[in-house]
Amino acid sequence: MLILDFGGKVESVSYGSKEPLAKRLASFGINIADNPGAAEILQRLRGTPVKIMMADGEFTGTIMNVENRPTVYQSSGGATHEAATAITLPWINLLTKDGGGFGPST
């Protein structure tokens, strides 16, 4: 495809590929043709350097793996006798230059 701009303004260009969708999705660095969830995408990115921004800071490192762990959340409501809730969440094991890791990923 060749696009020439002779002083005009190109708003958008689309190119309808003849490749099947599954083959186009498989051409990414990881295969997402099977519509994986966020935790599975992160698992497929093992060994990839990433930068992750969370409420408590920014972390840079290499994804070692992702594992599901029960995570306990205490209610922030006013009642003092409310029970904690355990939710299984994906945790990222990230190798940082300091050798640390963190989670959860959601």
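No lab work stands behind these numbers, since they all come straight from the coordinates. Nothing here was measured: the structure is a model prediction, and the numbers come from that model.
Full extension of the chain segment joining Lys97 with Glu19 gains 24.0 nm, where the gain is 0.36 nm per residue of separation less the Cα-Cα distance.
Segment Arg46..Ala83, full-extension length gain: 9.7 nm, with 0.36 nm per residue of separation and the alpha-carbon distance subtracted.
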